[in-house]
Amino acid sequence: MSKRIGIFSVHQRQQPFAVFGDHIWRIWISYNNDVTSGTYLELYPDGQVDRVTVNNNDIMEVVRIC
């Protein structure tokens with residue numbers, strides 16, 4: 001089961017949002033209308049952070065940030 005939490009800023013047109021599931025946070029920072037393409041940060045309990053880019057639900061790139 002996952003939960004979505006909105007992250008709001010009056011200066012942004014597209015608001016990022018966070019999804020929690022399977023013990024990780026996924027923070028969508030850029031996405032299309034049905035959230036099948038875009039970029040999100042994946043935060044793990046051990047402190048690992050990945051930036052993931054998807055296109056039509058296919059992972060295109062994963063960059064380990066820390």
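Read the figures in this text as sums done on the coordinates, not as results from a lab. Computed from a prediction, not measured in an experiment: that's the story for all the values here. Here Cβ is always computed from backbone atoms with ideal geometry, including for glycine, and neighbour counts include all displayed protein chains.
Tabulated data for the structure shown
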quantity: Environment charge of ARG64, counting only residues whose C-beta is closer than 12 Å and scoring Lys/Arg +1, Asp/Glu -1; calculated: -2
quantity: From phi via Karplus (6.51, -1.76, 1.60), per-residue ³J(HN,Hα) for the range 44-51 in Hz, x at Gly/Pro; calculated: 9, x, 7, x, 5, 10, 10, 9
